[in-house]
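Notes to accompany the following structure.
Bear in mind these aren't lab numbers, they're just calculated from the coordinates by the rules spelled out. Predicted, not measured: the structure shown is a model, and the values here were computed from it. For neighbour counting, all protein chains shown are included, and Cβ atoms are generated from backbone atoms with ideal geometry for every residue, glycine included.
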Amino acid sequence: MYCSRHFIRRARVFKNNTALYIILLIFFKANAQPDTAQIAHVNKTNESYLSFVTCENKAFVTTKNGKIVVWDLTLQDTIHFAPHDTSDWFTCLALDRQNQVYAGTSRGEVYRINTSSLTPTLVLNSKYFVFAICFNSNNKMLLAVKYAIYDPYKRKSWSGFTSHASGLIYSRQKFFSAPQFDFHDSKDRWWLCASHGEFGGDVQIFDTKNEKIYDKKIESIVFPNLTPKSVFEDTSGNVYITSGLQHFMNFGEIYRIGNDDVAKKIFDSDVYAKEEKESDSVGGLFIGPGVYNKFDGNIYLYTSNGIYRAMMFSDGSIKKLEPILNPSLHWSREPLAIGVGMAVHQMAVTSDNKLIFLTENDGLGIYDWKRLTLLR
């Protein structure tokens, strides 16, 4: 039996008979976030977005309806994109080592999209639903399909992963769980992650250089205790995992994994709330995705209280957490927890130092440190 500290805290909430009160607080807190900066809205598609990649001055975005929307980030307008087959249902996007854009589909096709003409070219048909695409340091393509990591050239697959969500009981069964998001780091490790509310999360790692499941244990992290929201890397090769959940209370943690594969917790929402005296009836900060900004050496996070800048010490610990922007966004209920799901799913920094983030219901946010524009 594996019982997490999160479960113990949830039990205390029930014990104090405050569950209904907390649910009401969560509802109003999640739907009443004040603007703290000028916000412009550009409405072109009325689509709900799933993921994005940026290339040059364009953002390529997949939608919940299986389409691809292309935004000109300079003009802040859409650019017409029409696939050869209108029945294609696009599921994911990726960039190769030459910064070419690739898109996977539900039928197993992989297209390369010319970033100038926006012409798609079919380069592969795996016949398997493509959840994610990765290019290793040799620019070889690997796919995440329904039950495995798949090499479409050798027709070889890998499925014996551990580190899965399992609720209160930690099962060590080996299988592959389809990712909700992924990240490829400078050491050729492919991180494939998913969050399942109160039931924890999956963190599966594949060595794309040697084409094998990454079997080195990362010390100090109990993976089933995570509800991962993002994985990203700094310029020194340190990998960061943000983890967050709102289930009766807010939870949030950030881990930094060094080159020695030892993880250090550099942020804990409970500790922060106590030190800053910002704790309320639903705990500290609900942590969402993050990104490292090479232009200023800081980490940027989306939380239940908006965007924060995490200024770093040279040893990788967080020196200060500073609120930057708190836009009014539309939050949705978390299907596997009693609370809301994170309103922002992905963050990045563009080549000209703008913060870009993908929301659940409000489109793509572009923040130039003075003004926020929501593109939808």
*Highest mean first, what order results for 53-59, 248-254 on Cβ atoms within 10 Å?*
248-254, 53-59
*Over the chain, what per residue volume does the convex hull of the Cα atoms give, in whole Å³?*
134
*Evaluate the distance, in nm, between pseudo-label points positioned 7 Å from the Cα of His84 and of Asn259 along their respective Cα→Cβ axes.*
4.5
*Relative packing of 94-101, 74-81, 189-196, which averages over residues the other C-beta atoms within 10 Å, highest first*: 189-196, 94-101, 74-81
_Please compute the length gained on full extension between Glu219 and Arg97, using 0.36 nm multiplied by the number of residues separating them and subtracting their Cα-Cα distance._
40.9 nm
*Could you tell me which of rounded, prolate or oblate describes the stretch 82-155, using a ≥ b ≥ c as the square roots of the eigenvalues of the alpha-carbon gyration tensor, with rounded for a/c under 1.5 and, failing that, prolate when a/b is larger than b/c and oblate otherwise?*
oblate
*Please give the FRET efficiency for Arg371 paired with Lys320, using the beta carbon to beta carbon distance and R0 = 30 Å, rounded to the nearest 0.05.*
0.80
_Cα centroid separation, the stretch 111-130 to the stretch 282-327 (Å)_ = 35
*Counting each DSSP H run of 4 or more residues in the chain as -39500 (n - 2.57), what helix-only mean residue ellipticity at 222 nm follows after dividing by all residues, to the nearest 500 deg cm²/dmol?*
-2500 deg cm²/dmol
*If you stretched the chain out fully between Gln38 and Lys156, how much longer would it get, using 0.36 nm times the residue separation minus the C-alpha to C-alpha distance?*
37.4 nm
*Asp77 to His330: extension gain in nm, 0.36 nm per residue of separation minus the Cα-Cα distance?*
88.9 nm
*In a GNM of the chain with a 10 Å cut-off on Cα contacts, which of Ser157, Ser314, Ser243 has the highest mean-square fluctuation?*
Ser314
*How would you rank Trp89, Trp369, going from fewest to most other Cβ atoms within 10 Å of each one's own Cβ?*
Trp369, Trp89
*Lys/Arg Cβ at +1, Asp/Glu Cβ at -1, dipole of the stretch 217-376 taken about the Cα centre: which of Val271, Ile218, Ser230 is farthest positive-ward?*
Ser230
*Among rounded, prolate and oblate, which fits the stretch 243-376 when a ≥ b ≥ c are the square roots of the eigenvalues of its C-alpha gyration tensor, a/c under 1.5 means rounded, and a/b larger than b/c means prolate?*
oblate
*Antiparallel as a % of all DSSP beta bridges within the chain, to the nearest 5?*
95
*How would you order 326-336, 105-115 from highest to lowest mean count of nearby Cβ atoms within 10 Å?*
105-115, 326-336
*asked:* Let me make sure I get this right: for the stretch 169-237, a, b and c are the square roots of the gyration tensor eigenvalues over alpha carbons, sorted descending. Under 1.5 in a/c it's rounded, otherwise prolate if a/b > b/c, else oblate. Which is it?
replied: prolate
*Counting pairs of alpha carbon atoms under 8 Å apart in space and at least six apart in sequence, what relative contact order in percent does the chain give?*
15
